[in-house]
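In what follows, a structure is listed as structure tokens, so that the remarks can point back to it.
The values are calculated or read from the model by the stated rules, or taken from the named source; none is laboratory data. Bear in mind the structure is a predicted one, so any value in this text is a computation, not a measurement. Cβ coordinates were reconstructed from backbone atoms using ideal geometry, including for glycine residues, and neighbour counts include every protein chain displayed. When the accessible area is computed, the model is the full protein with side chains, heavy atoms only, and any ligands, DNA or RNA have been set aside. Shrake-Rupley method; radii C 1.70, N 1.55, O 1.52, S 1.80 Å.
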Amino acid sequence: PLSSSFLNPSLSIRFASPTKSSKFEGHCFKSSTKHRPLFSSPPLEISGGGQDEGNDEESECDLVVVGCGVLGTSLCRQLVQNIQTRQQFLNIQSVVGVTGTTNNHASILESVQNTDQSSSSVAQQPSFCVKTYDEIISEKRTYKNVVFCAPPSKFDNYAEALENVMNDLWDQNAGGAFVFTSSGGVYEGKDGETVNENFPTIDPEKNPRQGRIVYAERTCIAKKGTVLRLAGLYTLDRGAHNYWLTSGKTVQGRPSAFVNLLSYDDAASACIAALVAAGRGVAVRGKTYLISDGNPTTREGICQSALKSKQYGDGKYTMPIFENDGPLGKIYDGSFS
């Protein structure tokens, strides 16, 4: 189990047994014993913690996922397809994925709605649909739970976009939660420091690129949302390793610099854990959590692991050339979450 021993000793979250490792054969791409995929068997347990207002376990627990890309789609899929997830997640009746356009609606629906399950399992699934942001705003309805995982590149003003979603879609009095998937890239550390939720973040004025995420975090916390600072997200064919191995370019930075990782599926599970905790009255509102797999590695280590897979190994790609200078990076301490 992972417990929030040094920042919030009253909250303890138990993770379920791992399902299966990713297709990478290297150490850093396997499911970690420190951060396991949630809601397999046995189900997640949450104990203790301060109580939040508005907890009603009998109410309909609807969810909107704003930003239905790789992470958002994984979140929707876990909620719709996994019966134990829904049992832990109170009485969820509907899940809505929200996108900017209709371009990917067909592929999202195909990914989330598993037609291979038995007819009885499908009948038990909550309803799922995909809408554009304009469509869902026009309905003038609010929801108990909202997850905002749209990237900053989609907006001119990221903090303002997040605030608009909080104002327009989230019912703060329904006992649910608003979860914002932020990034561990907001931390100031770069010389090998160990960072946690209390470590200083970058100055947004000096670093506008990461600063827009810092401003969005501040907006979320001020309005009693929950911030999840995620480590570097990856799948087999997405992430820094893919670019470094396939681009043919020299990697900027030293090979020994620290890198912290988190699979997209585990990131989605962390969102679910925050929603479950809020639904059970645990005081996660207005708080920030750092989420990683608990196994920091290096730039070179990522590539070594990827080269053991069939997709990158067997002579298809070779170890890239690295620069021998630059920051050492930082190590994530996710023991609070």
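Does VAL165 satisfy the condition of being buried (at least 21 other Cβ atoms within 10 Å of the Cβ), in a helix (DSSP H, G or I) and touching a residue at least 24 places away in the same chain (Cβ under 8 Å)?
Here the answer is yes, as VAL165 does meet what is asked.
Which of the residues spanning segment 231-255 are among the small types (Gly, Ala, Ser) and out of contact with any Gly (no Cβ under 8 Å at 6 or more places or on another chain)?
If the condition is that a residue be among the small types (Gly, Ala, Ser) and out of contact with any Gly (no Cβ under 8 Å at 6 or more places or on another chain), then SER247, GLY248 are the ones that fit.
THR219 versus (1) among the hydroxyl-bearing types (Ser, Thr, Tyr); (2) open to solvent by 40 Å² or more (accessible area, probe 1.4 Å); (3) under 29 Å from GLU160 (Cβ atoms): which is the lone unmet condition?
(2)
So GLN117 clears everything in (1) modelled with pLDDT under 85; (2) within 21 Å of the chain's Cα centre (by Cα) except one condition, right? Which one?
Unmet for GLN117, out of (1) modelled with pLDDT under 85; (2) within 21 Å of the chain's Cα centre (by Cα): (2).
List every residue pair whose Cβ atoms lie under 6 Å apart, where the two residues are 6 or more positions apart in sequence or sit on different chains, the first residue falls within segment 56-84 and is over 13 Å from VAL146 (Cα atoms), and the second residue, located anywhere, is modelled with pLDDT of 95 or more and not in a helix (DSSP H, G or I).
If the second residue must be modelled with pLDDT of 95 or more and not in a helix (DSSP H, G or I), the pairs left are LEU71/CYS149.
Mind checking which residues of segment 186-223 are aromatic (Phe, Trp, Tyr) and farther than 19 Å from SER292 by Cβ?
TYR215
From the set of residues in segment 186-214 that are open to solvent by 80 Å² or more (accessible area, probe 1.4 Å) and part of a helix (DSSP H, G or I), which is nearest to ASN260 (Cα to Cα)?
The residue in question is ARG209.
For residues in segment 128-140 being out of contact with any Asp or Glu (no Cβ under 9 Å at 6 or more places or on another chain) and charged (D, E, K, R), which is most open to solvent (accessible area, probe 1.4 Å)?
The residue in question is ASP134.
If THR132 passes every condition in (1) under 28 Å from SER292 (Cα atoms); (2) over 19 Å from the mean Cα position of the chain (by Cα) but one, which one does it miss?
Going through (1) under 28 Å from SER292 (Cα atoms); (2) over 19 Å from the mean Cα position of the chain (by Cα) one by one, THR132 breaks only (1).
Scanning segment 135-156 for residues that are part of a helix (DSSP H, G or I) and over 22 Å from the mean Cα position of the chain (by Cα), which turns out farthest from VAL95 (Cα to Cα)?
Result: SER138.
Going through VAL227, VAL214, VAL259, VAL251 one at a time, which residue ends up being in contact with a Cys (Cβ under 6 Å, 6 or more places away or on another chain) and touching a residue at least 24 places away in the same chain (Cβ under 8 Å)?
Every option except VAL227 fails the conditions.
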